[in-house]
Amino acid sequence: MLKLSKKVEYGLIAIRHIASLGNQISTVKEIAERYNIPNELLAKVMQKLAKGKVIYSYQGSLGGYTLARAADQISIMDVIHVIEGTQPAIAECLGKIEHTCSVYDNCTIKNPLEKIQYNLEQVFSSMKVSEIV
């Protein structure tokens with residue numbers, strides 16, 4: 001079963017939280033406490049999102065995070081790509097250039113799975129953060 005990583009889940013929770021507050025500055029501590037997320041892991045996720053220009057990071061005693069773009073301009077796929085560096089795949093061989101599967105050349109399900117993979121990518125790319133707020 002396709003499953004998003006905890007990092008992606010936490011990133012989406014944090015972005016949803018920030019968007020729901022009208023993009024006011026939110027801290028890792030505030031989000032972690034509110035949603036019972038490990039503070040250290042959330043901090044790493046937020047750093048990745050800031051580095052990937054999905055959110056802005058503000059330093060200092062009044063620092064925290066805001067969205068870098070409007071919530072309707074950030075896709076779920078944007079978040080996945082920034083956090084994971086790849087797209088979610090429903091099979092190990094999909095999305096890879098080098099195929100290590102021993103039955104890849106004779107596989108009878110890779111073409112239907114590629115269609116499902118494409119549709120999944122379209123859903124994640126078209127769904128915006130504003131839709132989960």
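The values are calculated or read from the model by the stated rules, or taken from the named source; none is laboratory data. Just so it is clear, the model here is predicted, and its values are computed rather than measured. So basically every Cβ, Gly included, is an ideal-geometry build from the backbone, and we count neighbours across all protein chains shown.
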Could you please find all residues in the stretch 9-38 being touching a residue at least 12 places away in the same chain (Cβ under 8 Å) and closer than 18 Å to Gln73 by Cα? Gly11, Leu12, Ile13, Ala14, Ile15, Arg16, His17, Ile18, Ala19, Ser20, Asn23, Gln24
For the stretch 3-38, enumerate the residues that are surrounded by fewer than 17 Cβ atoms within 10 Å (Cβ to Cβ), over 15 Å from the mean Cα position of the chain (by Cα) and not in a loop (DSSP other than H, G, I, E, B). Ser20, Lys29, Glu30, Glu33, Arg34, Tyr35
Among residues belonging to the stretch 87-131 that are hydroxyl-bearing (Ser, Thr, Tyr) and out of contact with any helix residue (DSSP H, G or I) (no Cβ under 8 Å at 6 or more places or on another chain), point out the one that is modelled with the highest pLDDT. Ser126
Need a quick list: helices (runs of 4 or more DSSP H) entirely within the stretch 39-133 having at least 2 residues that are surrounded by 13 or more Cβ atoms within 10 Å (Cβ to Cβ), more than 15 Å from the chain's Cα centre (by Cα) and without any contact (Cβ under 8 Å) to a residue 60 or more places away in the chain. 110-126
Of the conditions (1) in contact with a strand residue (DSSP E or B) (Cβ under 9 Å, 6 or more places away or on another chain); (2) modelled with pLDDT under 95, Leu49 satisfies every one except a single condition; which number is it? (2)
Could you check, for the stretch 119-126, whether at least one of its residues is more than 30 Å from Met46 (Cβ to Cβ) and of a type in the set (Phe, Trp, Tyr)? no
